[in-house]
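Engineer: Dropping a structure here in C-alpha cells format, bear with me for questions.
Here, each number is a calculation from the coordinates, and none is a lab measurement. Note that the structure is a prediction, hence the values are computed from the model and not measured. Glycine also receives a Cβ, built like all others from the backbone with ideal geometry; neighbour counts cover every protein chain displayed.
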Amino acid sequence: MRRCAGTALVLLLTGCSTGPALENQGAVTAAPGDSHQLTIGSAGFTESDLLAQMYALLLNQAGYNTSLLTVANRELYEPALESGQIDVVPEYAATFADWLNAKTNGADAAPAGSPDLDATMTALLRLAAPHGLTVLDASRAVDRNAFAVSASYARQHDLKTLSELGASGLEVRLAAGDECVQRPYCEPGLKKTYGIDITGVDPKGVGTTQAKRAVQSGQDQMVLTTTTDATLTDFGLVLLTDDKHLRSRAGSEGVTKALGTLNDVLTTADLASMNQQVDSWRRLAKDVARTYLADKGLLT
C-alpha cells in the first residue's frame, strides 16, 4: 500500500486456522511449526503480479513451498484470505482500509484512509483484525490509482485535470475493472467529486494493454491505471491531474522475516521501472522480479 502521495504497499496475511498464516518481509528460514505450503494471491495486473512473484521467490528461499493464484478483484480475494484459500496478498493501505471500512460500516462510512500513513495503518490494523487478517508494515514504495486520456483528446478539449473533464460535460466511457462501478474511488467518485458523465465501464482491467488500446483507438475515452504506469506514452496517453484528491494519500514469524527485507528496499521508482520492463519490454514478471531481488542482494 502507499502513503501520503499515494497508497503504501502492505502485505496481508490470513490469520485463519484453516490455512497457513502469512505475512511479508523477512529473513531466512521458516519457523518451526509453520505450514510450508503457502498460496500467494495476485490481482492480475502487472504490479500485483510482480509483487506476488517477489514474495514467492523470497518465501521459496526461506524454505516454503509456494503457489500463485490470480484472483480478479478484492471482492473475491478478501474472502479467500479470510477462509485460508489464499495466504498472502500484496495490497494498498488506504484503498484496503477504505474497502474494509465500507464492508464493516456501510458504503456511506467516512473514509478510513488519509494522507497520514500512521493514521491509515492504525485504521487498517483495527479493521483487519476482526476478519482474521494480519497486516505487515507499509513499504517505502508509493502508488495510487490514476486516470488517463489520449493526448489528442486532451488537446482537443483543453483538458489537464479531472475537474476540467467534469466541467466539459463530455460523455466518458471508462476502461477499468468491472468492480469500478461500485468502488468509491472509481465511477461513483468520479461522478460525485468531479461531475464526470460516466456513461459506462468497459471491463478491460486496471491499466491493461487492452484497456489502454481502447482509449488509444477512441473506443473508450478514459482508462483507470496507476501512477507507476510507465507505458502511457507508448499508447499516446496522458494523465489528468486528480486536483480534488479523489484518492486518499496514503501470520507466521518465518514468513514475516522472509518478506520483511523487501519492504526495506522497494521504492516507487523501483516499481515503475519493473512495470516498464514487463509492459514495454515484454519481459516476464517472474524474471524481472528475480533480477531485482538478486540485484538488491535478497536472493542468494
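Engineer: Could you work out the Rg to Rh ratio of segment 126-199, with Rh taken as the Kirkwood radius (inverse of the mean 1/r over all Cα pairs)? Show your work: numbers first, answer last.
Structural biologist: On the way: Rg = 16.5 Å, Rh = 14.7 Å.
Ratio value, two decimals: 1.12.
Engineer: Now for a separate question. With a ≥ b ≥ c taken as the square roots of the eigenvalues of the C-alpha gyration tensor of segment 86-142, please select rounded if a/c is under 1.5 and otherwise prolate if a/b is larger than b/c or oblate if it is not?
Structural biologist: Since a/c reaches 1.5 but b/c is at least a/b, the shape of segment 86-142 is classed as oblate.
Engineer: Here's another thing I want to ask about it. Diagonalise the Cα gyration tensor of segment 197-272 and give the resulting equivalent ellipsoid semi-axes, square root of 5 times each eigenvalue, largest first, whole Å. Let's see the in-between values first.
Structural biologist: Details: eigenvalues 205, 44, 39 Å².
In descending order the semi-axes read 32, 15, 14 Å.
Engineer: Something else about it: Starting from the Cα of Ser273, step 7 Å along the direction of its Cβ; do the same at Asp118; then give the gap between the two resulting points in nm.
Structural biologist: 3.1 nm
Engineer: Under the 0.36 nm per residue contour assumption, what length would be gained going from the current alpha-carbon distance of Asp197 and Lys244 to full extension? Numbers along the way, then the final one.
Structural biologist: Values: separation 47, 0.36 × 47 = 16.92 nm, distance 1.66 nm.
Using 0.36 nm per residue and subtracting the Cα-Cα distance, I get 15.3 nm.
Engineer: Filter the cross-link list Lys103/Lys296; Lys212/Lys244; Lys204/Lys286; Lys103/Lys244; Lys212/Lys257 down to pairs whose alpha-carbon distance in this structure exceeds 27 Å.
Structural biologist: Numbers: Lys103/Lys296 38 Å; Lys212/Lys244 24 Å; Lys204/Lys286 23 Å; Lys103/Lys244 25 Å; Lys212/Lys257 38 Å.
Lys103/Lys296; Lys212/Lys257, as the Cα separations exceed 27 Å there.
Engineer: How many nm separate the modelled label positions at Arg126 and Asn60, each set 7 Å beyond the Cα in the direction of the Cβ?
Structural biologist: My value for the distance between the label points is 4.1 nm.
Engineer: Continuing with this model, one more query. Would you mind checking which residues have amide H under 5 Å from Leu68's amide H? H placed 1.01 Å from N; only 5 or more apart, or other chain.
Structural biologist: Those qualifying (amide H under 5 Å, at least 5 residues apart or on another chain) are Ile40.
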